[in-house]
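J.: Got a structure for you, questions after.
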Amino acid sequence: MTGGITSSEEQITRLQRLAAGSPEFPLVMLNINRYSPEAEFPEGETYKSYMEAIQHSVGAVGGSVLWRTKVQGAVVGDLEGFHEVLAVWYPNYEAFLALPDADGAKEMFRYRRTCVEEAHIIELSDFSDASG
């Protein structure tokens with residue numbers, strides 16, 4: 001996958017290994033997104049449809065969007081110009097990897113290609129276990 005908005009084969013392979021070895025390990029994917037002008041973030045209909053599609057497809061694999069918020073600015077690092085951060089919870093790696101085949105995923109990824117100009121997704125342990 002290419003274009004600054006999708007995982008590499010190497011990253012997917014690592015996640016598949018984790019899914020096989022940690023079947024009941026919940027995780028959070030922290031998404032840092034820069035949206036294209038076509039998304040008309042945050043009030044555009046395309047952006048709103050993308051958010052609805054995310055909620056639907058993530059829910060279909062047993063996950064949920066925990067929160068999302070506008071980026072105010074970067075303090076450290078080169079993340080200027082990014083618009084939003086979303087925290088998305090998944091019950092396990094298998095659920096995350098099932099997302100491309102989830103109900104409504106084709107529509108969600110179509111919106112993603114239109115809306116997201118650049119993304120960084122950071123894998124976190126389920127933060128409800130702060131000792132992790």
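J.: Taking the Cα centre of region 1-127 as origin, sum charge times position over the Cβ atoms of Lys and Arg (+1) and Asp and Glu (-1), and report the length of that vector in debye to the nearest 20.
T.: Working: 10 positive and 19 negative charges, 17 e Å.
About 80 debye.
J.: Return a whole-number percent for the relative contact order of the chain, with Cα pairs under 8 Å and 6 or more residues apart as the contact set. Could the numbers behind the result be given before it?
T.: Details: 222 pairs, mean separation 54.7, N = 132.
Reported relative contact order: 41 percent.
J.: Can I ask one more? With labels modelled as points extended 7 Å from the Cα through the Cβ direction, what inter-label distance (nm, one decimal) is found for A74 paired with T114?
T.: 2.8 nm
J.: Report, to the nearest 10°, how far helix 105-115 tilts away from the longest principal axis of the Cα atoms in the chain, using its own Cα long axis and a range of 0 to 90°.
T.: 40 degrees
J.: Mind pulling the angle between the C-alpha long axis of helix 45-60 and the longest principal axis of the chain? Nearest 10 degrees, somewhere in 0 to 90.
T.: With both axes taken from Cα atoms, the answer is about 10 degrees.
J.: Now a separate question. Take region 1-107, drop everything but the C-alpha atoms, weight them equally and run the Debye formula without solvent; then report log10 I(q)/I(0) at 0.10, 0.11, 0.22 Å⁻¹ to two decimals.
T.: Each listed q corresponds, in turn, to -0.32, -0.39, -1.36.
J.: Quick check: net charge around Y93, other residues with Cβ under 11 Å of its Cβ, Lys/Arg +1 and Asp/Glu -1? Present the calculation step by step, with values, prior to reporting the outcome.
T.: Details: positive: R14, R17; negative: E24, E94, E123.
With Lys, Arg at +1 and Asp, Glu at -1, the net is -1.
J.: If you take the Cα Rg of region 58-132 and divide it by 2.2 N^0.38 Å, with N the number of residues, what do you get?
T.: Against the empirical 2.2 N^0.38 Å value, I get 1.24 for region 58-132.
J.: Tell me what the chain gives for mean residue ellipticity at 222 nm when only DSSP H runs of n ≥ 4 count, each as -39,500 (n - 2.57), the sum divided by the residue total, rounded to 500 deg cm²/dmol.
T.: Values: 4 runs with 46 residues, N = 132.
Roughly -10500 deg cm²/dmol at 222 nm, from the helical runs in the chain.
All of the numbers you see were taken from the coordinates with simple rules; none came from a lab. Since we're looking at a predicted model, the values are computed, not measured. Please note: Cβ atoms are built from the backbone with ideal geometry, for glycine as well, and neighbour counts cover all protein chains shown.
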